[in-house]
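Right, one structure below, let's go through it.
No value in this document is a laboratory result; all are computed from the given coordinates. Not measured: the values here are computed from a predicted model. As a convention, Cβ positions derive from the backbone with ideal geometry for all residues, glycine included, and neighbour counts pool all protein chains shown.
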Amino acid sequence: MQTIVALYISYQNSLLILQKKINISYLKTNIEYLKGVGPARAKLLNTELGISTFFDLLNHFPFRYVDKTKVYTINQVSVNEQNIQILGELGPLNIQGVGRRKRMHSYLKDATGKVELIWFQGVSFLQKTLVPGNSYLLYGKPSLFKGKINFSHPQLTLATAAQLNKNSGFEPVYNTTEKLKLRGLDSRGIYQLILNLLPKLNINVLKESLPEYLLKDQKLIGRISAYQKIHQPKTTEAINNSRNRLKFDELFFIQLRLLLLKSGRKVAIKGFIFEKLGDYFNSFFKNVLPFDLTGAQKRVLKEIRKDTLIGIQMNRLLQGDVGSGKTIVAVMTMLMAIDNGYQACLMAPTEILAQQHYKGIQNDLKKIGLNVAILTGSIKGKARKQILQYLQDGLIHILIGTHALIEDPVVYKNLGLVVIDEQHRFGVAQRAKLWRKNTSPPHILVMTATPIPRTLALTVYGDLDVSVIDELPPGRKPVITSHRNDRKRLAVFGFIQSEITKGRQVYIVYPLINESETLELKDLMDGYESVQRAFPKQQISIVHGQMKPADKAFEMERFVKHETQIMVATTVIEVGVNIPNASIMIIENAERFGLSQLHQLRGRVGRGADQSYCILMTGNKISNDGLKRLKTMVDTNDGFKIAEVDLEIRGPGNLEGTQQSGLPELKLVNLIRDTQLLQAVRNIVEEILEDDPRLQKQENLTLKQFYERQKNKTWLTWSNIS
Ligand code: ADP
Ligand code: MG
């Protein structure tokens, strides 16, 4: 008997387990098997909207709602309303005009008044289907025309008693596509599918992700309820509550992941200790540094100093607008490493920039007896071998270069610090390689002039510490920017000539978006020739991506030495190039550049004491976004403002500096509008982790479980690198 009971219990248990398994995977079921879908629609849902499981469909949220909760009487209608409903009797249909000018007038009246209706399209069809004298439920947006309330193209639905009784709350509106519509999956069709799914939601198929105390403290509704209400709300409050709750989740688990990574790294990875500020640092500061550091530079150096004293690996992002003086901060950080017996390296995204850094830094540091070397792809054979040997022997203190620095044969004796300039140009994988260049990973300082709005920074670089140089060196005059039509070219060239006569130098940049396109190269060469014709007495340099590195370097050098007055170039000079005497930046076809690129290019001038100018040349054909970009450039020099506009125009996924970050897709959160929520969520996560760094407390069990389940999702962060 006992055995039978035991067997029975174990049978029951296994049933339970089986059932649980089924339930938990319920939402992972292929969308094909949802009632009303089938193979053909499933395929379309997948290709058109990326929906392949029940859960994907559940996460296809409405982007707006039609308010069907209220039916207005006509005397309640004012023109300030959005779309509204009115119930009334349709007046006679009045047709005017013929063919494409055909219009139809009518009115709707109830006991309280009358509103005008007008249609410009589909008149013949409407004429056949609408019946004057019947009661209709109108849906549309009121406007004012000749002092009267008017609806153009309202939706009219015959008002049967049955329909009116079914007060349907808010009707969700979903994104869909033409192909899906052809298959009956317009917004309403999708809604029907979701309605098949909603009753199946319960705690077995959709777990709560947040602990009780958080729901309570933050006044959040439950997860199941949120999914139900976002698709089928009865009130505005329900819409707000459900969206709020789901947005909270989106942000919460990103921040949790980033902050756990950050703290985990801090526990797991030891960092070198740069105990002293020694002779090199001090004598550089006293004898070589040609100017006073700005307050912001000093503050950042202090932050870095603190990082390198505590025995934890530094992972710091240094943000500073173009020309804010990041290089010197990098140099002084490298001196901290060297003073403590370590080597340092500086990686730049282009050969031109690496060369420039090398010249400047080597020139400064040889004065205090340090060896600086450069390694790029074009240094080969014996010379390369020699450098690698010296590096391994520790004879080279600082190695500067392009990504050649991280190739496998490059072995350091004791690498303590890696600086990455213009980091957004590198991929995560490239950065990862640097970590393996010493037995313990070196401290890492990444620098960027692509100012990323704070919200985005918290999401993309959330696992890095961030320093900001928010102050330009003294005496800089803001660059004056203007937008000129090609027709004004003669005047622009006249202006260039007068500045050259004053001893200034000029950049003229052409948009070779894709350096390998011969067609675009032709644009550049044509441009070069026309510049030659316009300035027969001037020496002109030309630099583009298809030139050999040595030729590029030679041309750059002539410009640096002021042997040439004009530099015709592509965006290879976009990042980092520092030639203070060049004070005019002409950007050809400026409408073809993105905002951050324009800002970077403009950053090449305004580096000396002279007034600098940036002139954006365009033809007449400019898109609205293009115009907005140009106007933004003319209006402001502030990199952060520019970044905000860029974020607005392009959306977070396309911002330079984020493409390679693997930013997770945000479905509900808008990084521009939801700044406050993001900040709040960040603070909440910080508080939770401060109290319970590894989520070991009972109360955080839910979080831990949910986090573990989400972990496998495939987005990278900056430090997936270790
Ligand atoms: P970025 O931040 O764009 O990399 P750089 O480091 O190239 O800027 O600096 C731009 C210019 O400003 C350089 O010529 C540099 O020598 C100069 N500079 C940097 N810091 C100061 C300072 N505190 N005072 C005066 N000039 C400075
Ligand atoms: Mg720089």
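D for the chain, whole µm²/s, Stokes-Einstein with Kirkwood Rh over alpha-carbon pairs at 25 °C and 0.890 mPa s: what number?
Numbers: Rh = 30.6 Å.
It comes out at roughly 80 µm²/s.
Based on the alpha-carbon gyration tensor of region 99-152 and its eigenvalue square roots a ≥ b ≥ c, which shape applies: rounded if a/c is under 1.5, prolate if not and a/b is larger than b/c, or oblate?
Values: a/c = 2.24, a/b = 1.24, b/c = 1.81.
Cα axes put region 99-152 in the oblate bin.
Looking at the chain, send over the antiparallel percent of its DSSP beta bridges, to the nearest 5. Let's see the in-between values first.
On the way: 32 of 86 bridges.
Restricted to the chain, the bridges split so that about 35 percent are antiparallel.
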Mind jotting down the three principal axis lengths of region 330-408 based on Cα atoms? Whole angstrom, largest first. 30, 26, 21
Would you please give the FRET efficiency between residue 299 and residue 153, computed as 1/(1 + (r/R0)^6) with r the Cβ-Cβ distance and R0 = 60 Å, to the nearest 0.05? 0.50
If you add up the charges near residue 386, with Lys and Arg at +1 and Asp and Glu at -1, over every other residue whose beta carbon is less than 14 angstrom from its beta carbon, what do you get? +3
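Scan the chain and hand back the longest stretch that contains none of the chymotrypsin sites (Phe, Trp or Tyr not before Pro) lying in DSSP loops with at most 13 other Cβ atoms within 10 Å. Intermediate results must be reported in sequence, preceding the final value.
Values: sites that count: 63, 120, 291, 715.
Counting at most 13 other Cβ atoms within 10 Å as exposed, the longest clean stretch of the chain is 292-714.
With only Lys, Arg, Asp and Glu charged, each at its Cβ (+1 for the first two, -1 for the last two), find how big the charge dipole of the chain is about the Cα centre; round to the nearest 20 debye. Numbers along the way, then the final one.
On the way: 96 positive and 67 negative charges, 266 e Å.
Dipole about the Cα centre, nearest 20: 1280 debye.
So what's the back-of-envelope 222 nm ellipticity for the chain, counting only DSSP H runs of four-plus at -39500 (n - 2.57) apiece and dividing by all residues, rounded to 500?
Values: 25 runs with 292 residues, N = 722.
After summing the helix terms and dividing by the residues of the chain, the value is -12500 deg cm²/dmol.
Starting with the fewest neighbours, write out 187, 283, 467 ranked by other beta-carbon atoms found within 10 Å of each beta-carbon.
On the way: 187 19, 283 15, 467 23.
In increasing order of surrounding Cβ atoms, one gets 283, 187, 467.
Within 10 Å of each candidate Cβ there may be at most 11 other Cβ atoms; applying that plus a DSSP loop requirement, which trypsin sites (Lys or Arg not before Pro) in region 196-237 survive? Please list the in-between numbers first.
Working: sites: 200, 207, 216, 219, 223, 229, 234; in loops: 207, 219, 234.
Within region 196-237, the qualifying trypsin sites (Lys or Arg not before Pro) (loop, at most 11 other Cβ atoms within 10 Å) are 219.
Of 537/561; 109/229; 276/306, which ones are farther than 23 Å apart at the Cα? Present the calculation step by step, with values, prior to reporting the outcome.
On the way: 537/561 18 Å; 109/229 35 Å; 276/306 11 Å.
Checking Cα-Cα distances, 109/229 exceed 23 Å.
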Relative pair counts by distance (%), Cα atoms of region 273-407, 5 Å bins: 2, 9, 19, 22, 22, 16, 7, 3, 0
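Can you give the translational diffusion coefficient of region 81-215 in µm²/s, computed by Stokes-Einstein from the Kirkwood radius over Cα pairs at 20 °C and 1.002 mPa s? Each step should come with its number before you reach the end.
Details: Rh = 18.2 Å.
Estimated via Stokes-Einstein, D reaches 118 µm²/s.
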Full extension from residue 263 to residue 75: what is 0.36 nm times the residue separation minus their Cα-Cα distance, to one decimal in nm? 61.5 nm
Once both axes come from the Cα atoms, what is the angle between helix 351-365 and the longest principal axis of the chain, in degrees from 0 to 90, rounded to 10? 50 degrees
Helix 639-650 versus the longest principal axis of the chain: what is the Cα-based angle in degrees, 0 to 90, to the nearest 10? 40 degrees
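For region 25-158, rounded, prolate or oblate, judged on the Cα gyration tensor with a ≥ b ≥ c (square roots of eigenvalues), a/c < 1.5 rounded, else prolate if a/b > b/c? Display every interim value, and only then the final one.
Numbers: a/c = 2.95, a/b = 2.08, b/c = 1.42.
Because a/c hits 1.5 or more and a/b exceeds b/c, region 25-158 counts as prolate.
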Treating the angle as unsigned and between 0 and 90°, give the value, to the nearest 10°, between the Cα long axis of helix 675-691 and the longest Cα principal axis of the chain. 70 degrees
